[in-house]
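> One structure, as C-alpha cells, below. Some questions next.
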Amino acid sequence: DKFSSDDLTDALKHAIPLNDLNNAFQERLSHSMNSLGPRSDLSIRPYGATSGSVVNLEQEFLSLLRTTYERSFVKLDAAQKIAEAAFVLAELLKDITRAVSYLEQHKMYVMAAELAEGQKLPAPRIIRQWVVAGDFDRAMHIAIISGCYEEAITLLERTHAPQAQQLRWHCAQLHFESGNLSLAVEIAW
C-alpha cells in the first residue's frame, strides 16, 4: 500500500531487502525439506503445518516485491531523486553493480566508489571507481594491494582514456621508484 501512494520515501523506510526475504525463505524451506517424507496415514491434521504451495507463494511474493521495487526505482529516477533511486538498487534489490553504475551516471563518483569498495566488488572495478572519483591515492593503494592495476587500466580505457593513462603512469612510477625497472617499463609500454 505504501508503494502505491505518492510518498515513496515512507515506503522505502519500511521496505524489506529482497536478499533478507530470500534467505529467510531458503532457510525455512531447507528446514521443512528435511522433514518431508511419506505420510504415515491420510488423516487430516487441522493444526498441522501445510506443505506444497508454500514455495510458489514465496516466489510469487518475491517477484511482486521485485516488480514493486523496480517500479519505485523508475519513479524516483524520473523525479530526479537520485539518492533514493540508488538506495532502491543497492539496499532493496541488492544490485550493487547497477547501483554503482547509476551513481556514476549521475556524477556521484565518490558515493559510487565507496559503495563499490564497501560491497567488495572486484578490485579492478573498485580501482576504476576511485580513479573516476579523482582519488588516485586510494586507487593506487588498492591497486598495490590487489595487483589488479592492469585490469583496472583496461576497464578505464573504455570510458576514461586519459585517466587510464594517468593510472598507468602512476603504477609505472611506483615500480620505478621501488627499483623494479623492468616491470615499470612493461607497465609504461
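The values are calculated or read from the model by the stated rules, or taken from the named source; none is laboratory data. The model shown is predicted, which means the values in this text are computed figures rather than measured ones. Don't worry about glycine lacking a Cβ; one is built from the backbone with ideal geometry, like all the others, and counts go over all protein chains shown. Areas reflect the complete protein model, heavy atoms only, side chains present, ligands, DNA and RNA absent. Shrake-Rupley method; radii C 1.70, N 1.55, O 1.52, S 1.80 Å.
> Can you tell me which residue is least open to solvent (accessible area, probe 1.4 Å) among those in segment 62-73 that are over 18 Å from the mean Cα position of the chain (by Cα) and closer than 15 Å to Ala11 by Cβ?
Ranking the qualifying residues of segment 62-73, first place goes to Thr68.
> For segment 74-88, name all the residues that are open to solvent by 20 Å² or more (accessible area, probe 1.4 Å), touching a helix residue (DSSP H, G or I) at 6+ places or on another chain (Cβ under 6 Å) and at pLDDT below 95.
Glu84
> Next question. Considering (1) open to solvent by 40 Å² or more (accessible area, probe 1.4 Å); (2) modelled with pLDDT under 90, say which one Cys148 fails and leave the rest.
It fails just one condition, (1).
> A follow-up question, please. Say we look at segment 165-182 and pick out the residues that are free of Cβ contacts under 8 Å to residues at least 24 places away in the same chain and among the hydrophobic types (A, V, I, L, M, F, W, C); which of these is nearest to Glu104 (Cα to Cα)?
Among those residues, the one meeting the criterion is Trp169.
> Related question: In segment 14-39, which residue that is of a type outside the set (Gly, Ala, Ser), part of a helix (DSSP H, G or I) and loosely packed, with under 10 Cβ neighbours inside 10 Å is modelled with the highest pLDDT?
His14
Conditions (1) within 22 Å of the chain's Cα centre (by Cα); (2) among the hydrophobic types (A, V, I, L, M, F, W, C); (3) open to solvent by 20 Å² or more (accessible area, probe 1.4 Å), marked per residue:
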residue	(1), (2), (3)
Ala90	yes, yes, no
Ile96	yes, yes, yes
Tyr109	yes, no, yes
Lys120	yes, no, yes
Trp130	yes, yes, yes
Arg158	yes, no, yes
His170	no, no, yes
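> Of the residues Leu174, Leu181, Leu155, only one is over 27 Å from Ala112 (Cα atoms) and hydrophobic (A, V, I, L, M, F, W, C); which?
The conditions single out Leu181.
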